[in-house]
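Quick one: the structure is below, and I'll ask about it shortly.
Just so it is clear, none of the values below were taken in a lab; they were calculated from the coordinates. If you're wondering where the values come from, they're calculated on a predicted model, not measured in any experiment. Please note: Cβ atoms are built from the backbone with ideal geometry, for glycine as well, and neighbour counts cover all protein chains shown.
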Amino acid sequence: MSNSSDYTRANDHFSDNIPDFPITEVLDSGPHMEWSPFKKIAFRISAIFFALAFAAPLDRKFWRELFHTNFLHFQDLFRLTAAIPQYFYAPKWGFASFRNLYLLLLIAALGAALWSYLDRRRKQYDDLYYWLRVILRYRLAIGLIGYGLLQLFPSQFPKATLSDLHTNYGDYLQWKLYYLTNGVAHAGYEQAIGLLEVLGGALLLWQTTATIGAIISASLLFNIVLANIAYQLGDHVYALLLLLATSFLLAHDTERLSNLLIFQRPAKADHFRPTLPSVRAQKLRLIGKFAVVVFLGFYAVSVSYGFFRSNWPLPDTKGTLKDAAGYYNVREFEVNGRAIPYSLTDPVRWQNVVFEKWNTISIRSNRPLPIEVANPVIAYGEDQRKYEFAGNGGRRFYSYSSDSANGTIQLQGKNDPHEHIGFQYKYQPGGSLLLTGVDENGNALRVVLEKIDKKYLLILGRRNPLTIY
């Protein structure tokens, strides 16, 4: 049996092999320690830049939209979640689209230089740094949850319509291809991205979970920025601003995370809280938190209600021509009594027609048409839903109204609002539809549409039994 001296020597030998953790090298030096010159200048530039970048109330457009916001429709509420100031005009694409950011960065650099001169004796900005992070956390949460709810209740990327399925791939703009690709996915990709955005934004609302929320948000926003640039989605400036703000939040914990996860050294948690000067200030802080949570809750209810009650972003008005929805081959086509045979190149003849379930007709022809190049603005409007024809260069779209008593149908152009065609319609033996009327140029038209009972694999499903013939 070992004596006590042997036991002591064994313990000494064991303790000698235990690595000493460098407790004195913990990078979290606590509040009220003097900052380095680089950290001070970086903070001043960041504070001015983000204050201007997210200061939507400084933009007159923000107030104009705010007073015209319909708080009962999620489309208008969404604009508040994505509001950023536009100090002067910038084109939608290219490096010039970042003009406002270039200007803000220049102003931030000049302002930081002046700030450094006037406040050169200041040793640290712990309180201001804390409040800047709080403001960015809540701004990011509003922005991420605003977009995330639109995807969690799939409203941003609707399913492909019949007109979409009968448009050639090369007739779409890049952003429309991205929308349709996400819309036809059946694996819940859009909902999964939306859930992660909502989760990341919700975690940012509390300081104890803000780092986890920032990590989730940064990974999502990096992908979103790349997708916006690759497919010209139009939100690359806003997405980049959110990514920069998220990176700023992550920078606060970078050293602690690297110590803990990479170098395996102890890292103290950040427990700094500023001392509020009065009870009134504490109440204002709670009121601000409560207001943000109430707004997001109201917005979530509005999005879910709109999803189940609306056909957004497609028209809500149902088609008035009974049992007309479907795909039609143009069997006969006459202009001023002259028959035009089927042709893929003729600029006048129709090739096929689609009646949607709502009051939309789309016509495929080789006739040049004006293309709505910009992706549709998410804003409520009874007659402003441009999604179905925006980004589509292969079909002309019309809204229609029909009168069954008189057998008439009126087409109003969507690509060109000045285009109007009036028809008399009549069902022929065999189910074909005869249209006779006059177009906007005074040409007499006679069109025979033959409905095709077409099977769509996308609708039937890949794993279901299928009989085509």
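Just to confirm the filter: which trypsin sites (Lys or Arg not before Pro) across segment 230-329 are DSSP coil and have at most 11 other Cβ within 10 angstrom of their Cβ?
Details: sites: ARG256, LYS268, ARG280, LYS283, ARG285, LYS289, ARG309, LYS318, LYS322; in loops: LYS268, LYS322.
Of the trypsin sites (Lys or Arg not before Pro), the ones in loops of segment 230-329 whose Cβ has at most 11 other Cβ atoms within 10 Å are LYS322.
Another one. Please list, by residue number, every one of the trypsin sites (Lys or Arg not before Pro) in segment 72-168 that is coil in DSSP and has at most 16 other beta-carbon atoms within 10 Å.
LYS92, ARG120, ARG121, ARG122, LYS123, LYS159
With 22 Å as the limit, write out which pairs from LYS322/LYS454; LYS61/LYS289; LYS176/LYS318; LYS39/LYS283 have Cα-Cα distances beyond it, or answer none. Write out the running numbers ahead of the final one.
Values: LYS322/LYS454 19 Å; LYS61/LYS289 26 Å; LYS176/LYS318 24 Å; LYS39/LYS283 32 Å.
Check vs 22 Å cut-off fails for LYS61/LYS289; LYS176/LYS318; LYS39/LYS283.
While we're looking at this one, here's another question. Report Rg (one decimal) and Dmax (nearest whole number) for segment 290-399, counting Cα atoms only, units Å.
That works out to 19.1, 70 Å for Rg and Dmax.
Between LEU106 and TYR342, what length in nm is gained on full extension when 0.36 nm per residue of separation is reduced by their alpha carbon distance?
78.9 nm
If you don't mind, there's one more thing I want to ask. Quote the relative contact order of segment 326-460 in percent (integer), defining contacts as alpha-carbon pairs under 8 Å separated by 6+ residues.
25
Please state the relative contact order of the chain as a whole percent: Cα pairs under 8 Å, 6+ residues apart?
14
What nm value, rounded to one decimal, do you get for the distance between HIS420 and LEU284 when each label is placed 7 Å out toward the C-beta?
In this crude spin-label approximation the distance works out to 5.8 nm.
If you put +1 on each Lys and Arg Cβ and -1 on each Asp and Glu Cβ, how big is the dipole of segment 98-189 around its Cα centre, in Debye rounded to 20?
Dipole about the Cα centre, nearest 20: 500 debye.
Work out how far the C-alpha atoms of the chain reach from end to end along every principal axis, then list the three figures in whole Å, largest first.
112, 70, 40
Please find the FRET efficiency linking ARG122 to LEU460, where r is the Cβ-Cβ separation and R0 is fixed at 56 Å, and quote it to the nearest 0.05.
Details: r = 69 Å, r/R0 = 1.22.
The formula returns an efficiency of 0.25 here.
Placing +1 on the Cβ of each Lys and Arg and -1 on the Cβ of each Asp and Glu in the chain, which of TRP350, LEU445, VAL184 has its Cα farthest towards the positive end of the resulting dipole?
Farthest towards the positive end: LEU445.
With charges set only on the Cβ (+1 for Lys and Arg, -1 for Asp and Glu), what does the dipole of segment 23-309 come to about its Cα centre, in debye to the nearest 20?
900
Here's a follow-up. Answer with one residue from LEU101, PHE308, THR167: the one whose Cα lies farthest towards the positive end of the charge dipole of the chain, charges on Cβ with Lys, Arg +1 and Asp, Glu -1.
LEU101
Turning to a different aspect of this structure: Obtain the nm distance between the two label points defined at TYR89 and THR208 by a simple spin-label model: each point lies 7 Å from its Cα along the Cα-to-C-beta direction.
Result for the modelled spin labels: 5.2 nm.
Any idea what the dipole of segment 295-390 comes to, in debye rounded to 20, about its Cα centre with Lys/Arg Cβ at +1 and Asp/Glu Cβ at -1?
120
Exactly which GluC sites (Glu not before Pro) in segment 371-443 are in a DSSP loop and have at most 13 other Cβ atoms within 10 Å? Write out the running numbers ahead of the final one.
Numbers: sites: GLU372, GLU382, GLU388, GLU419, GLU440; in loops: GLU372, GLU382, GLU388, GLU419, GLU440.
Passing sites in segment 371-443 are GLU382, GLU440.
Helix check for the chain. Which DSSP H runs span at least 20 Å along their own axis by Cα, with a mean Kyte-Doolittle hydropathy no less than 0.0?
Those that pass (Cα extent of 20 Å or more, hydropathy at least 0.0) are 37-53, 99-118, 126-152, 189-203, 210-231, 236-261, 279-309.
Charges on Cβ only, +1 for Lys and Arg, -1 for Asp and Glu, centred on the Cα centroid of the chain; of LEU226, HIS420, LEU241, which one is farthest towards the dipole's positive end?
Of the candidates, HIS420 comes out farthest on the positive side.
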